[in-house]
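Here's the structure, in structure tokens; my notes come after.
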Amino acid sequence: MATLKCAIELKIADTIESHGSSMTLSQLSSALNCSSSLLYRILRFLVHRGIFKQEITDENLISYAQTPLSRLLASSSNNSMAPFLLLESNPVMLAPWHGLSARIKGGIGETPFEAAHGKDVWSFAAADPTHNTVINDAMSCTARVLTVPAILEDCPDIFEGVGSLVDVGGGNGTSLNMIVKACPWIKGINFDLPHVISSSQEYIGVQHVGGNMFDSIPKADAAFIMWVLHDWDDETCIKILKNCRDAIPEKTGKVIIVEAIIEEKEENNLSDVGLMLDMVMMAHTNGGKERTAKEWGYVLHQAGFTRHTITPIRAVHSIIQGFL
């Protein structure tokens, strides 16, 4: 992770992309104004990991070229994952990991994040506009590059018949904007804390509403909640879902949850990511966790949803629809 952070901060991918073709070590070190010997060692590692690739020039020199993975590191790209990688390698987010063992020994009490920073992750973001922007940019890029395209391609029918959609904890509105663009019949309500909404840009068909999901949620035909519930324990999840239930029509309403589902017996890249995210929840939240299908069924039932469906998509997340 630290090496990827270094590559992003040096703008290696951006520099090769703007050059228009592969670049030699000499060209890169000159363009980046950095040590060629140290840059070589960084590139050697990144090439070995398949992030960049080597090519041979007409002059029989080694040059470095882009790959689909390296393009994800280019901050100038619309498909950049750089904001998410910069969040996870940010000193604010790394510090809690050093207190994880103490949390496990103690069982309950303050989280590693609280031990490191004196407040929980949301209070910290509310008090620090710079970190708040880092979080919002990271969530936006994962939605824009990975999750929302997979939802729209694999499950477009989930939005059929939905005239209004409230995105609960929708951040700066990136996800809802993409959904409304693909489904222009939907009236979008982007709902999040006031300090999040205050820095959100305007989108056609999307209304930003500030508030607290623990109090109440704006009414709509359906509630959409992506990568939010895993931040909370079961009791709190049930409370949020009950507020979602109160916000939607009793007979036709539904909640659309986008979260990872842990399959403990499966071994593949996506299940590995889900288990890794569960470790992140342990370090950064008080009670947050990734859940199995059975655990999702439990919180939905306790919140008053009579049935639910689970649909995998081409992402670490799945679509969970809860019906009244």
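Pairs meeting the criteria (first residue in the range 83-105 and assigned to a helix (DSSP H, G or I), second residue of a type in the set (Ser, Thr, Tyr) and buried (at least 16 other Cβ atoms within 10 Å of the Cβ), beta carbons under 6 Å, at least 6 apart or on different chains) are Phe84/Thr142. Being at pLDDT below 95 and either over 22 Å from the mean Cα position of the chain (by Cα) or surrounded by 20 or more Cβ atoms within 10 Å (Cβ to Cβ) (or both) holds for only one residue in Ile320, Ile257, Ile261, and it is Ile261. Would you confirm, using the coordinates I've provided, whether Met139 is touching a Gly at 6+ places or on another chain (Cβ under 8 Å), among the hydrophobic types (A, V, I, L, M, F, W, C), surrounded by 15 or more Cβ atoms within 10 Å (Cβ to Cβ) and not in a loop (DSSP other than H, G, I, E, B)? For Met139, the condition - touching a Gly at 6+ places or on another chain (Cβ under 8 Å), among the hydrophobic types (A, V, I, L, M, F, W, C), surrounded by 15 or more Cβ atoms within 10 Å (Cβ to Cβ) and not in a loop (DSSP other than H, G, I, E, B) - is met. Scanning the range 274-288 turns up no residue that is open to solvent by 30 Å² or more (accessible area, probe 1.4 Å) and touching a His at 6+ places or on another chain (Cβ under 7 Å). Out of the residues in the range 190-222 that are touching a residue at least 40 places away in the same chain (Cβ under 8 Å) and in contact with a Ser or Thr (Cβ under 6 Å, 6 or more places away or on another chain), state the one that is least open to solvent (accessible area, probe 1.4 Å). Step by step, filter the range 190-222, then rank; the result is Ala220.
Meeting the requirement of 2 or more residues that are touching a Leu at 6+ places or on another chain (Cβ under 7 Å), the strands (runs of 3 or more DSSP E) wholly within the range 240-324 are 254-260.
The values are calculated or read from the model by the stated rules, or taken from the named source; none is laboratory data. Small disclaimer: the values here were computed from a predicted structure and weren't measured. Neighbour counts run over all protein chains shown; Cβ positions are idealised from the backbone, glycine included. Note: areas computed on protein heavy atoms with side chains; ligands, DNA, RNA excluded. Shrake-Rupley method; radii C 1.70, N 1.55, O 1.52, S 1.80 Å.
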